[in-house]
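Student: The structure's right below; bear with me while I get my questions together.
The values are calculated or read from the model by the stated rules, or taken from the named source; none is laboratory data. These figures come from a predicted structure and were not determined experimentally. All Cβ positions, glycine included, derive from the backbone under ideal geometry; neighbour counts span all protein chains shown. In case anyone asks, the SASA skips ligands and DNA or RNA and just uses the protein heavy atoms, side chains included. Shrake-Rupley method; radii C 1.70, N 1.55, O 1.52, S 1.80 Å.
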Amino acid sequence: MPAPLLLVTEVPVTGENLPEAVRTWRAHAPEAALYEGVEASTVLELTPLESLSELDAATAGWETLTKALSPLADGDVRRQVLRFVDAPRPVEGLLPDTPYVQLRHVEVKLPVLEEYLTWREDTIFDVVRTSPDVEGFLAYHSLLSTEPGIMFVSGFSVDPAEYAKPFQSERYAEIAKYAHSKFVTESGLYTRVYKRVPR
């Protein structure tokens with residue numbers, strides 16, 4: 001069962017520095033759920049939280065880690081707290097225990113948010129539930145973030161190109177087209193794939 005909150009921390013690094021950045025981060029956080037970007041040179045950590053009171057402990061060593069990553073980074077630390085909402089494809093643990101995760105972000109226009117939440121049950125979530133390669137799919141909403149909106153955390157084990165096929169189908173294209181015209185803001189949609197870093 002996912003935790004009520006999820007702390008998402010990401011640091012973009014220059015391409016040649018990605019292996020060193022991963023080693024540095026893993027040395028600092030040996031047990032963390034750590035991932036490296038597949039399409040972009042970035043390192044990601046997902047930290048489940050029971051409450052906001054755990055934030056201090058979760059970020060206790062960040063000053064030291066930030067200094068160590070600084071020479072390798074290609075941008076600043078990006079961090080947000082998300083609130084768990086739903087699990088159309090539940091997982092046994094706090095996060096999908098899979099070699100890959102995908103973050104799918106969408107910013108929905110506030111006046112149609114409730115309509116969107118109902119609509120996605122028989123559209124987006126139906127595709128997720130019927131795709132055999134989607135091993136976990138968790139829905140969150142921004143709680144503390146400069147990037148408002150909905151975040152889906154999807155776990156899978158197959159090659160990313162194979163995983164993407166249901167989301168490239170004619171049916172999903174129609175779903176996405178309708179979502180864009182009815183619910184989604186112009187700049188509020190992206191997908192990013194990450195590969196898990198072994199502990």
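Student: Among residues other than Phe183 whose Cβ falls under 15 Å from its Cβ, what is the net charge (Lys/Arg +1, Asp/Glu -1)? Walk me through the numbers before you get to the answer.
Tutor: On the way: positive: Arg104, Lys109, Arg120, Lys177, Lys182; negative: Glu107, Glu114, Glu115, Glu121, Asp122, Glu174, Glu186.
Local charge sum for Phe183: -2.
Student: Of all accessible surface on the chain at a 1.4 Å probe, what whole percent is carbon and sulfur?
Tutor: Details: 5300 of 10110 Å².
Carbon and sulfur: 52 percent of the exposed surface of the chain.
Student: Could you derive backbone 3J(HN,Hα) for region 134-149 from the dihedral phi with the Karplus parameters 6.51, -1.76 and 1.60 (θ = phi - 60°), listing whole Hz in sequence and x where the residue is Gly or Pro?
Tutor: 7, 8, x, 8, 10, 10, 10, 9, 4, 10, 10, 6, 8, 10, x, x
Student: Also, I was wondering about something else. Taking one equal scatterer on every alpha-carbon of region 1-106, how large is log10 of I(q)/I(0) by Debye at q = 0.11, 0.12, 0.15, 0.19 1/Å?
Tutor: Treating every Cα as an identical point scatterer, log10 I(q)/I(0) equals -0.35, -0.42, -0.65, -1.03.
Student: Regarding the chain, what is the average projected area of its C-alpha convex hull, in nm²?
Tutor: Numbers: hull surface 44.3 nm².
Mean projected area for the chain: 11.1 nm², to one decimal.
Student: Rank Val22, Thr118, Leu82 by how far each Cα sits towards the positive end of the charge dipole of region 2-124 (+1 on Lys, Arg Cβ; -1 on Asp, Glu Cβ) and give me just the farthest.
Tutor: Val22
Student: Right, here's the next one. Over region 95-199, what portion of Cα pair distances is larger than 22 Å, expressed as a whole percent?
Tutor: That tail contains 30 percent of the Cα-Cα pairs.
Student: Right, something else. Can you list the residues, at least 5 places off or on another chain, whose amide H is less than 5 Å from the amide H of Ala33, using H built in the peptide plane?
Tutor: Correct list: Leu46.
Student: Okay, next question. Residues of region 12-95: accessible area per residue at 1.4 Å, in Å²?
Tutor: The answer is 53 Å² per residue.
Student: Relative to the Cα centre, what is the charge dipole magnitude of the chain, using +1 at the beta carbon of each Lys and Arg, -1 at the beta carbon of each Asp and Glu, and rounding to the nearest 20 debye?
Tutor: Result for the chain is approximately 100 debye, rounded to the nearest 20.
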